[in-house]
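Visitor: First the structure, then my questions, so here it is.
The values are calculated or read from the model by the stated rules, or taken from the named source; none is laboratory data. The structure displayed is predicted, hence computed values, not measured ones. Every residue, glycine among them, receives a Cβ derived from its backbone with ideal geometry; neighbour counts consider all protein chains shown. Note: accessible area is taken over every heavy atom of the protein model, side chains too, but ligands, DNA and RNA are not part of it. Shrake-Rupley method; radii C 1.70, N 1.55, O 1.52, S 1.80 Å.
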Amino acid sequence: MGRNGSWLILQLLVAVLGCSALGALVISGHPGQRPGVGGVAGSGAVWRRSRMGICKTMTRTGFTEARRNSDPSSQVRSFALCGDVLRPATLTVVDLRQGWESHRADVVFDCATNGPQRHRFEGPLLRDVVAAAGPAFDVRRRKDRSRFLLAVSGGDGHHAVLAWAEIDADFGDKPILLATRMDGRELDAEGSQLVVPPDRCGARYVSAITSIWIGGFPPAAQMP
């Protein structure tokens, strides 16, 4: 396996096991204060920059660390948005609901244990939320955007990996959601759910999201 392949495996392990504590710097930590990008949540989310592109587990106004996601007794669940982004963040369902336009998806997918499932989900587009964090690609270059990956982890140990090109408007343009509501029920206590409407199988419907990591392959330092 080459250096690039080893790097990708290392980065995905970091994404799955949790965002590393590597040199995060606070940009905006005041409730309601937004970074200079449209569509950013404004209900107290803490946005940070990481020197090495891997974000530290962050604190949020009124809450403890994002590791609290794993505690089912927590009344409010949050997830870390981290990786090769300019503005890593910790976000809750309330942040998602207040910070971005909500979309609706009526889906049918097959579940290996319970058979066909029919649900109505509502929430912002994954693309919009991640874009607000400032992925470290050149937005003017499609080839640069197409080399980025996203790894989504859930509170039950479930993980899924997507390509940025799946949700990029110039490529797959899939309406993948970060659900804030399921069948009319708010998901504040349970946490946001990844919703992949085009999928026939429900394996990538990650519940109780704890982290979303984004990174490029190969790393910019190894690009020709």
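Visitor: In what order, largest first, do 148, 171 sit by accessible area if the probe radius is 1.4 Å?
Guide: 171, 148
Visitor: Rounded to a whole number of µm²/s, how large is the Stokes-Einstein D of the stretch 105-167 at 37 °C and 0.692 mPa s, given Rh as the Kirkwood radius over C-alpha pairs?
Guide: D = 232 µm²/s.
Visitor: Could you please report the charge total around residue 182, scoring K, R as +1 and D, E as -1 over all other residues with beta-carbon less than 12 angstrom from its beta-carbon?
Guide: Around residue 182, the surrounding residues sum to -1.
Visitor: Given bins 10 angstrom wide, list per bin the percent of all Cα-Cα distances in the stretch 147-224, short to long.
Guide: In order of increasing distance, the bins hold 18, 45, 28, 8, 2 percent.
Visitor: Which value, in debye to the nearest 20, gives the size of the charge dipole of the stretch 95-224 about its Cα centre, when Lys and Arg are +1 and Asp and Glu are -1 at the Cβ?
Guide: Roughly 380 debye for the stretch 95-224.
Visitor: Then there is this: Once amide H atoms are placed 1.01 Å from N in the peptide plane, what residues at a sequence separation of 5 or more from residue 211, or on another chain, have their amide H within under 5 Å of its amide H?
Guide: For residue 211, the qualifying residues are 80, 153.
Visitor: Working out 0.36 nm times the residue gap between residue 139 and residue 86, then minus their Cα-Cα distance, what length gain in nm do you get to one decimal?
Guide: Numbers: separation 53, 0.36 × 53 = 19.08 nm, distance 1.34 nm.
So the chain would gain 17.7 nm between residue 139 and residue 86.
Visitor: Taking the highest mean first, how do the peptides 103-115, 123-135, 194-206 order by number of other beta carbon atoms within 10 angstrom per residue?
Guide: Highest-to-lowest ranking by the protection proxy: 123-135, 194-206, 103-115.
Visitor: Could I ask something else about it? Kindly report the accessible area of the stretch 85-219 per residue (heavy atoms of protein chains, probe 1.4 Å, no ligands, DNA or RNA), in Å².
Guide: 42 Å²
Visitor: Just to verify a number: FRET efficiency for residue 173 and residue 111, C-beta to C-beta distance, R0 = 22 Å, to 0.05?
Guide: On the way: r = 26 Å, r/R0 = 1.17.
So the FRET efficiency works out to roughly 0.30.
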